[in-house]
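Asks: Quick one: the structure is below, questions incoming.
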Amino acid sequence: MSPLELDGPDGRGGYRVALRGGETHGLIPAELVADQTGSTAQTDAEEWIAAQASEIAQALETLSRGRTPPAPFDRIQLTGAAT
């Protein structure tokens, strides 16, 4: 089971994610995904996020402790709960 839940695209141009359990939520900028995949297609983004789920989850945990994760995951932002 993945440690990460993909909540879907965000109207601001990114992808909402949450750690399992829902305590920590984040936004992965679309630009980060495009830089990593060379694509702006939603399916490519979802596949990349799934493939990087452990690293993204670790980045969210690092951010929640007030630290900076390694690049390229340092571009992920903590957010409030999805509405």
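Asks: Where in segment 3-24 does the amide nitrogen come within less than 13 Å of the point 7 Å from the Cα of Ser64, taken along Cα to Cβ?
Replies: Answer for this model: 3-5, 17-24.
Asks: Using 0.36 nm per residue of separation minus the Cα-Cα distance, give me the extension gain between Ser2 and Arg20 in nm, one decimal.
Replies: Gain in length upon complete extension: 5.7 nm.
Asks: Still on this structure: Grab the other residues whose beta carbon is less than 14 angstrom from that of Leu19, score K and R as +1, D and E as -1, and report the net. Provide the component values of the computation, followed by the final result.
Replies: Details: positive: Arg16, Arg20, Arg65; negative: Glu5, Asp7, Glu23, Glu55, Glu61.
For residues surrounding Leu19, the net value is -2.
Asks: So for the chain, averaging the separation of alpha carbon pairs under 8 Å that are six or more residues apart and normalising by length, what relative contact order in percent results?
Replies: 31 percent
Laboratory data are not the source of any read-out in this text; all were calculated from the coordinates shown. Here the structure is a predicted model, which is why all the values come from computation and not from measurement. Heads up, the Cβs are rebuilt from the backbone with ideal geometry, glycines too, and the neighbour counts pull from every protein chain shown.
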